[in-house]
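This report refers to the structure that appears directly beneath it.
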C-alpha cells in the first residue's frame, strides 16, 4: 500500500501530470510532517501510517504552494471531503489538483478526476464517531452554568495564536473577519471577551462547512477542544435540517422547525 | 471631523408632551461631532424645514439627524429638504422619537433618556453615512392587472387609455367580477350590468389590453419597472380562435345540473358553459370536474355539435411569460361563509339566503328573471327580513370590522323588494345605519320613509322554521329590548365581505404585506392608500378592504394614475440602498474570496461572479458582484459573508455597529 | 440602589417589526422604555455578531424580530435568518451563554399590540434574571468600569 | 552571592513566607495535561516532571495584553488617564534557565530608544526563582545560543536538584538574597557541590556567531521558501517564544470611554506588515519566516548585542506543522 502510494507519486511526477506531491514524511522525534515532493526519486520519503492525519488540503489554497505548479495531495477521507468543499466554494477547480486517495482501510485509490473523488467521498456517511458524539453529549447534559464555566476555563488559556484558523483548510479567507477593524467585530486582545467572540465566530463561519478533520484541535498549543463547537454544529445541522444541503446556511426550507421564535 | 446638525421636533405636544425635547437637543449638542442642535415645534412644517436648510448652509453641516416621527413617515420629507439645501439626502437620518418613544412611554426621565439614546445612536450612524446617488433602471411600460372586476376593468382602461400596455388576468372564465352579479346599484338604482357590460366590452376590444381570462398568476419576480410574471392560462378545452360563442355546446351538454357560481347557487349551468350571457370573452370553458367525458371517458357531445370544431379535450394549461413594469392588484373580495352562526340556519333552510343571492333574485338576468321568488317553493315572499351585520362587527363569532357596503345594499334590497312586491313587508334588523356618502343617507331615508321598510334596531338571536315560515327572533333595542318575533317567508343575511380566497397565497407570491384578515395592506392608510409596501405594486378595490363601487372605481383610477405616472419616465430612480462587494487595493483587489456562497442566498439572483483583471487583461481574481438593478437591499448576503466583503449601502456594518455601540 | 432596569437592544426588520412598533405608537399602547431599537432592512441582514456585540456593549437582553414566515418583504430573508438563528442559538447554548436573554419573535406590521407584549415580557423576564454581568465582565476593563460606576 | 541548600519539604514553607510577604507566586501548574505558568496558593500545586511549560515566563513581564492608558471623552474633550502602573510584586518560581535568560532579552528590547515603563516596572517587581534542567529533549538547544541547563543568568535565585531531598540554591541577586533572608531558617549552607553533575546534557549543535555572520548573504536565498512551504502562518511559535516581543496596540471602547491595550502580535501573521495602501512587504510566508530567523539571529544581535533566541525549543514543540527551528538553522548553515 505504501509502495503503491510512492509509485503513484512517482508516476504523477515523472509523467509531468503534477509538479508537486504533497504527502507525509518523517518529522522531528516521532512526529510526521508535510512533505512537498518535487522529484520522482524523493517519493520514497513518503510515509503513510496512523500518525499521518494532518489535513494537507490546507496547502491547496496557499499561494507559494500553488506557485509550484499543479499539486497532487495524499488524501484520507477528511481531506477528500475538504477538497470537495473547496470545489463547492470555488477555491479548487477540476483539473487543478490531483488526489492520491487513501481509503478508510488504507488502500490507495485512483481517481481520474475530482468529480469521481467527490462521488466516492459523498458515499461515505458524514457523521461523528461514537466518542465524538459522547463528548458533545457530555457537555449537552451539563447545566448552562456548568457549560459556561467549562468554556471560560478552557478558553482562558487561548492566546489567539490562530493556529486553529491557520491549520484549517476552510479558513482560507485572505482577510479574516477578526482582522476587520472597521468595525472591529471581534475584540483583539486574548481576554475573556476576545477569546469567546473569536471562537463563536470561528464556529459559526465553519457551520455547514466543517469536515471534522480535527486539525484545529491538533494545532492548538493548549489542546483546547475547539472542535467540540464545530461538532455540535454538525450534529445540529444533521438533526435540524437533515444535512442534505450543500451549505446549510444559504439554504432553507419554508418549514424549518424551531421552537423558540414566538 | 463631522459637523452634524441635530433637529428635535416637538410634533406639537406629541413628542414634547412626554419627552423633554430641549433637554434632548442640549444633550445632543454635547456629542462630539455635533455642531448644531435645536428643537422646534414642527420640524416638518415649512419654517421647520427652512431651519434645517439654513443650518446646512450656514454651518456647513456634513450630516443631519432629525428626531421626530417614524422615518417611515417623514424620512423622504427631510431627505428632500436636505437635498434642496445641497446636502446629499442620504446624509440625513431620523430618530424615531414619536412612535417608538413618546407615544409608547409615560412622561418620565427614562423616556427622555431613551430619546437621547436614540438621537446619539443616529448621530453615530450618520457620521458614517456616505453620500449616495440614486440608481437608474429602465421601466417596462406595461402593467399587469390582476382581477377583472370593476376595479381591474377601470384600472386597465385608464392605463390603456394613457397609452400603455395592459395585461389583465382574471381567474374566472369571464371578467366582470361581483359587479356583474348585482341587480341594481345604490344610490341611483341603475342597472349594474347596463353600466358594466359596455366597460367589459371596451376592455376586450382595447388595442392596448391583452386579456387572460380563466388564468392565474403563477409567479412574479423582479422589481418595480422590471417585473417578470408567469401567467397560467388554464385549459378551457376550447380553441378560443375558432369558437364563435354560438352557445350550441352549452345547450346540448347533457350535464346541466351544476350549481351556477354566477347565480350564487340559485341557478344551474352545464358542464361546458359561459358564466353569463354577457360574458367577456363569450367563450365557454369545460368544467372538468363535472364533464361526463372527463369523469367517465365518454360523451363528447359538445365536440359533435360544435359547428367550428373548436373543442379541444387535450388542451393543457399554458404558462405565459410577460414582462411588466407595474402590477395592479384588483382581486376583489368574497362573501363570508355562514357556518359560524348556525342559529341563523343558513344552509339548513333554503329560504335563508345571503345578500349576493338576493342580488341574483332581483336581477333581470337572474334565475327568476328578476321576480323575487323564494328558493324553496318559488313563491313570492310576503314578508322578508333583512339581517344587517351578519358576521361583521362581531368579534366574538364573525369579524370585528365593518364590511361597509351592507347597510347600503340592505336598504337597496329592501327597496327593490318593495318595488317588486308592493304589498309585502320588509324588515331590516340593524345595529347602526352607516350611510356616509353622497346621496347615501337620503337613499336609506327613502327606503324607510317612502318604501315603508321597517327598520328594527337590534340583533337577531335565532331563526327557525315553523309551519312553512321562518321565525325570526330578535329584540328591538329602541323599544326597551322588547322581544320581537317576525314570521317571514324569506331571510336575507347581509354577510360580511372578506378577503378573496387565495389572497394570502397571492400576497406571498407578490411579497406584499397583508393584514390579519388577509386584505392587502396599503403603504400608508392615509397618504399612500393605493400603493403597497412593495414598490411598483398597487391596490384597487375590495382586495384592500370591503368597499362600494364608487370608491372602488376612484381607487382604481388612482392606482392607474400611479402606474401612468411611473410609466411617464423612461428611467426609474431607485433608492441606492443596495449591497456592494468591496474593492480594495492590489494585491487583494477585494476581500471577497469568491466562494460564491452568497449567490444562492440572494432572493433576487442579483449576485454574479466577476473576473477582476489587470490592465493587460490577466484575470487576477474572481469575486462576487452585485447587480444594483436587481438588488433590493435585504442584506441577507451581507450577514452571510464571512469576510464582510459585501456591505449594504445605508445599513453598512460600520453604521450599524456605530449605532449599536452608541446605545 | 434602585431596582435593576435591564438594557434591552432590539434588532428588527424595517418592513414588519419596525412598522409594527410604529403601529404600537400610533395605537398609543404603552410599554417599558428599556428597549432600544436598531432598524435593519430585513432579519436576513442581522449578523449574528451584532447580537454578541449587543451583549458586550452591556445589553442584558436582546430582541430579534422580523416578518412572519412567508411574509418577508424580500421573500426569504427571514427564512435565511431563521436557519442562522437555529444554529447560532444552539451554539450559544452549548457554550453556556444565557440564551434566555435572547428573544426571537415574529411581529408583523399589523401586530402593534404584540410588539408591546414582546417588549414587556422580555423586560420582565430579564429583570428577573438580573444584569448579565457574566458576559459584560468578560473584558476585564469593562468589569473594572462597572465596579467604578457602581460607586 | 552565596550558595545554600533547601530541602524539598521546605518549599511549602518558603511559598508561605513569600505569600505572606505580599507577593503573588507564579509557577508551573498542570491543567488538562498541559503545563502552564499560573498563580499558585501553595507549593503542592506546582507541577513537576516536565521539560518545558507551553508558554514561557515572559508573561510575567510582558502579558498577552496589558493596559497602557484609559481615555474618555467629556463633552468635546478627550481626557487621558495614564495607567498608574503598579505591578503586583511577583515571584516566578520554576523558571528554566533559558526562560530566565530571555528576560534580559526582553529588557534589552524595551530599553532601546527609551525605557518602557510597563515592562521595566514589571521586571523590577518580579523575582525569578530559576530551576535548572535535569532533563532535556531533542528540541532543546540552549547551549548553542549561549545558555546552559544550569545557567544562572536572569535568575535571582537558582535552584538545582542535587539529590532526592535537596535543592542547591544559588543566590544570584539581591532579590534572590531577600527571598532567602525572608526565611533564613529554611536554608542551609551548601558545601562543595558539583552542580554540573546533576544537570541535563545539552550538546552544542551550531555556532551562533557563524550563523549571524552567514545570514545577511542568505537574504535572497531560495532556502526560505523551501523551509517555509509547510508553514501555515500561525503565531504559535511567537506566542510561546520567551524572547519574542512584538506587540500590537488596540483601543477598546465602551461608549464614550476606552482603553488602550498592548497585545502580543506575531511576525508570522500575514497582516503583520500590511500597509494601508494594500502593499505588504512580507506578502508571502517565506518572507515572514525569513524575518523570524533574521530578526532573532542577525538583526537583534547586531542592534542589541544579544540573540533573540534562548534555545528553549518551545516553537518547535508547539508548531502544528513541525517547523523545527534547530533543524532549519542547521540547514541554513549548510546552505551556500
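Values in this text are rule-based calculations from the coordinates and carry no lab data. All figures in this text were calculated on a predicted structure; none of them were measured in a lab. All Cβ positions, even for glycine, are placed from backbone atoms using ideal geometry, and neighbour counts span all protein chains on display.
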statement: One finds, for residue B:450 and residue D:73 with R0 = 60 angstrom and r their Cβ-Cβ distance, a FRET efficiency to the nearest 0.05 of 0.15
field: Rounded FRET efficiency, nearest 0.05, which uses the C-beta distance separating residue A:26 from residue B:219 and R0 of 51 Å
entry: 0.25
query: Rounded to the nearest whole Å³, what is the per residue volume of the convex hull around the Cα atoms of chain D?
result: 161
Residue A:44-residue B:83 pseudo-label distance in nm [points 7 Å out on the Cα-to-Cβ vector]: 7.8
query: What's the exposure ranking of C:84, B:199, D:76, going from fewest to most Cβ atoms within 10 Å?
result: D:76, B:199, C:84
Residues D:303, A:26 arranged by fewest to most Cβ contacts within 10 Å: D:303, A:26
message: Taking the Cα centroid of segment B:435-497 and of segment A:82-144, what is the distance between the two, rounded to the nearest whole Å?
response: 76
field: Degrees between helix A:192-206 axis and first principal axis of chain A (Cα, 0 to 90, nearest 10)
entry: 60
message: Using a Förster radius of 35 Å, what is the FRET efficiency between residue B:439 and residue B:487 based on their Cβ-Cβ separation? Nearest 0.05, please.
response: 0.55
task: With viscosity set to 1.567 mPa s and temperature to 4 °C, compute the Stokes-Einstein D of chain C, Rh being the Kirkwood radius across alpha carbon pairs; µm²/s, no decimals.
output: 82
Segment D:5-159: relative contact order as a whole-number percent, Cα under 8 Å and 6+ apart: 21
- request: At 7 Å along the Cα-to-beta-carbon direction for both residue D:271 and residue B:205, put a label point, then send me their distance in nm to one decimal.
  value: 7.3
Amide N of segment C:58-95 lying under 17 Å from the label point, which is placed 7 angstrom from the Cα of residue A:253 along Cα→Cβ: C:69-70, C:79-87
Label zone at residue B:113, where the point sits 7 Å out along the Cα-to-Cβ direction: segment C:111-142 residues whose backbone N lies under 15 Å: C:127, C:131
message: Cut-off is 10 Å between beta-carbons; in what order do D:240, D:134, B:65 appear when sorted fewest neighbours first?
response: D:134, D:240, B:65
task: Report the semi-axes of the equivalent ellipsoid for segment B:248-305 in whole Å, largest first, where each axis is √(5λ) for an eigenvalue λ of the Cα gyration tensor.
output: 19, 13, 9
- prompt: Cα centroid distance between segment B:261-282 and segment D:10-82, in Å?
  reply: 91
message: Could you tell me the center-to-center distance, by alpha carbons, between segment D:114-175 and segment B:558-619 in angstrom?
response: 62
- request: Treating the angle as unsigned and between 0 and 90°, give the value, to the nearest 10°, between the Cα long axis of helix B:109-127 and the longest Cα principal axis of chain B.
  value: 70
message: Given the C-alpha atoms of the protein assembly as shown, compute the convex hull and give its volume per residue in Å³.
response: 234
query: Across 10 Å bins from 0, what is the distribution of all Cα-Cα pair distances for segment B:90-228, in whole percents?
result: 10, 24, 17, 13, 19, 15, 2
statement: For segment B:4-134 the mean separation of alpha carbon contacts under 8 Å (6+ apart) over residue count, i.e. relative contact order in percent, is 31
- line: PRE zone check, label point 7 Å out along Cα-to-Cβ of residue A:122, amide N under 11 Å, scope segment A:240-262, hits A:246
query: How far is helix B:192-205 tilted, in degrees, relative to the longest principal axis of the Cα atoms in chain B, given as a value from 0 to 90 rounded to the nearest 10?
result: 60
message: From the P(r) of chain B, could you give the percentage of C-alpha pairs in the tail past 45 Å?
response: 37
task: Sum -39500 (n - 2.57) across every DSSP H segment of at least 4 residues in the protein assembly as shown, then divide by the residue count to get the 222 nm mean residue ellipticity, nearest 500.
output: -9000 deg cm²/dmol
- prompt: Hey, if you drop one equal point scatterer on each alpha-carbon of segment A:130-250 and run the Debye formula without solvent, what base-10 log of I(q)/I(0) do you get at q = 0.12, 0.13 Å⁻¹?
  reply: -0.45, -0.53
query: Mean separation of Cα pairs under 8 Å and 6+ residues apart, divided by the residue count of chain B: what relative contact order is that in percent?
result: 13
field: Kirkwood hydrodynamic radius over Cα pairs of segment B:579-661, then Stokes diffusion coefficient at 37 °C and 0.692 mPa s, in µm²/s
entry: 248
